[in-house]
Ligand code: DC
């Protein structure tokens, strides 16, 4: 139910998905990663060979897309694109760029809106994204805006990628973060912004565990969980 749900928004690399997953597991809520929906649409356009920035062409393609999500035995959200499991495919750098492009297209946002809202009707969710507190779940029981300096976010992302042996430099990761911030905050529709009633947490100088404890406290306080 929306009033019992938690909205977590913020820029790329602020730790939203890790913290949202941890808190969902801790309180027995369902974690909904909304970025995965935009990534799935982005992948479809990418695979079709069309221009991911072409709003008209992308809007027409939406008739041919069926996006579904379900949860596996490990409570991991899996994404289906026209029945095909694309959970891993949507994580490539190309899919990230395609997701950023298609997420700026109003028809794509409208296409995915109901699916997100329905999740919060059916379950008590921790939902992360860019416009959850402002657009998707305006009546969420708790809205958190997680942020950190671009350098801190790039450092975390760089360390994650290095651990996966992805060959990339820190400067490339920082450049990508700055570009994504620009497209997320400057797009005309549902741009990334802090909801009026959101609690802001700047995690630049905080460890993951400190952030998690802070979140648990505020959830217990606000939602009585
Ligand atoms: O969180 P992420 O990196 O997986 O998101 C992928 C892209 O989708 C990113 O460019 C921002 C966009 N997005 C959005 O516009 N609104 C959301 N609720 C979630 C993601």
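Going through segment 175-220 one residue at a time, which ones are away from the ligand (no atom under 13 Å from the Cβ), exposed (fewer than 14 other Cβ atoms within 10 Å of the Cβ) and touching a residue at least 60 places away in the same chain (Cβ under 8 Å)?
197, 208
Being within 16 Å of residue 219 (Cβ to Cβ) and touching a strand residue (DSSP E or B) at 6+ places or on another chain (Cβ under 9 Å) is the filter; apply it to segment 3-14 and report the residue that is surrounded by the fewest Cβ atoms within 10 Å (Cβ to Cβ).
4
Pairs please, first residue from segment 24-40 and closer than 19 Å to residue 11 by Cβ, second anywhere and within 10 Å of the ligand (Cβ to nearest atom) and not in a helix (DSSP H, G or I), Cβ atoms under 7 Å, 6+ apart in sequence or on different chains.
Taking only residues 6 or more apart or on different chains, the pairs are 32/127; 33/128; 34/127; 34/128; 34/129; 35/129; 38/103.
Among the residues of segment 15-31, write down those that are surrounded by 24 or more Cβ atoms within 10 Å (Cβ to Cβ) and within 10 Å of the ligand (Cβ to nearest atom).
Across segment 15-31, the qualifying residue is only 16.
Which numbered condition in (1) out of contact with any strand residue (DSSP E or B) (no Cβ under 7 Å at 6 or more places or on another chain); (2) within 16 Å of the ligand (Cβ to nearest atom); (3) under 18 Å from residue 115 (Cβ atoms) is the only one that residue 37 fails?
Of (1) out of contact with any strand residue (DSSP E or B) (no Cβ under 7 Å at 6 or more places or on another chain); (2) within 16 Å of the ligand (Cβ to nearest atom); (3) under 18 Å from residue 115 (Cβ atoms), only one is false for residue 37: (1).
No lab work stands behind these numbers, since they all come straight from the coordinates. Just so it is clear, the structure is predicted and the values come from calculations on it, not from any experiment. Note: ideal-geometry Cβ built from the backbone for every residue, glycine included; neighbour counts use all protein chains shown.
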